[in-house]
Amino acid sequence: MISIKIEGATCQGCVKSIKNAIGQVAGVNSVAFDLETKIAKVEGSVSLDTLNDAVEGAGFDVVESNSD
Ligand SMILES: [Cu+2]
């Protein structure tokens, strides 16, 4: 599982944008984003860099990301 802390999300529209952006990345199996914690949880085989680029490409900032 990959966790990505994202800055700039304020409403359900942002949640949708983030989930779409991450969901389009090849290798992603599932994505959930919690507006309270601002953390996206991603399942799949995909690099952190690729996910970070997708999030930033959608207009949000990645604060930190890690996988376990
Ligand atoms: Cu929004």
> How many residues does the stretch 36-68 contain that are charged (D, E, K, R), touching a residue at least 24 places away in the same chain (Cβ under 8 Å) and at negative phi?
Replying inline: 5
> For the stretch 11-35, how many residues are hydroxyl-bearing (Ser, Thr, Tyr) and touching a residue at least 24 places away in the same chain (Cβ under 8 Å)?
Replying inline: 1
> Taking the condition touching a strand residue (DSSP E or B) at 6+ places or on another chain (Cβ under 8 Å) and within 16 Å of the ligand (Cβ to nearest atom), does GLU7 pass?
Replying inline: yes
> Regarding GLY8, is this residue in contact with an Asp or Glu (Cβ under 6 Å, 6 or more places away or on another chain) and of a type outside the set (D, E, K, R)?
Replying inline: yes
> Within the stretch 37-68, how many residues turn out to be surrounded by 13 or more Cβ atoms within 10 Å (Cβ to Cβ), among the β-branched types (Val, Ile, Thr) and more than 13 Å from GLY27 (Cα to Cα)?
Replying inline: 3
> If we keep just the residues of the stretch 10-31 that are assigned to a helix (DSSP H, G or I) and under 8 Å from the mean Cα position of the chain (by Cα), which is farthest from the ligand (Cβ to nearest atom)?
Replying inline: ILE22
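We did not get these values from a lab; they are worked out from the coordinates using the rules stated. Every value quoted in this text rests on a predicted model; they were computed, and no experiment measured them. Every residue, glycine among them, receives a Cβ derived from its backbone with ideal geometry; neighbour counts consider all protein chains shown.
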